[in-house]
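Let me begin by presenting the structure, written as structure tokens, before commenting on it.
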Amino acid sequence: MGISIANAALRLVSGAFILNSGINKLRIDEASAAGLQQVAANGVPQLAEVEPAVFGKALSIGEISLGSALLLPLIPTRLAGLGLGAFSGALLASYLRTPGMTESDGIRPTADGTALAKDVWLAGIAVALIFGRKGAKKIKKAK
């Protein structure tokens, strides 16, 4: 099964970052959870129907779970990448759909949007984890 050094590095940096974020949200107050929920609901409208305290706890547990999955080599790389892809997709949807986060072109971030736009690196890591080994196997077979 093995894991490449490249995949280990991608999983380590993203997993540690997300795990830390989830741990920091364990004691999130209701007002902060409501603020996060409002931004998240721009990307996934159904989240607006959840109580803010429940949303905050679910977000914390979700981030801890995803961060742990990325850090545990027992979890297949592609599966961890799919989880990261779903998470980063929701983050980017929130960024793109929140008023004031993008310039008039709808892509480039405003000063306020930079904090969300930077999460595009998670989407790039997800793509590398999902498709990286597949491409490496093809190259080996071609030689």
Output the residue which, of all residues in region 35-91 that are charged (D, E, K, R) and open to solvent by 50 Å² or more (accessible area, probe 1.4 Å), is nearest to residue 130 (Cα to Cα). 78
Counted residues, region 3-30 - those being open to solvent by less than 80 Å² (accessible area, probe 1.4 Å), in a helix (DSSP H, G or I) and not basic (Lys, Arg): 13
Provide a single number: the residues in region 92-130 that are open to solvent by less than 30 Å² (accessible area, probe 1.4 Å) and part of a helix (DSSP H, G or I). 9
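The values are calculated or read from the model by the stated rules, or taken from the named source; none is laboratory data. These figures come from a predicted structure and were not determined experimentally. With ligands, DNA and RNA removed, areas are computed over all heavy atoms of the protein, side chains included. Shrake-Rupley method; radii C 1.70, N 1.55, O 1.52, S 1.80 Å.
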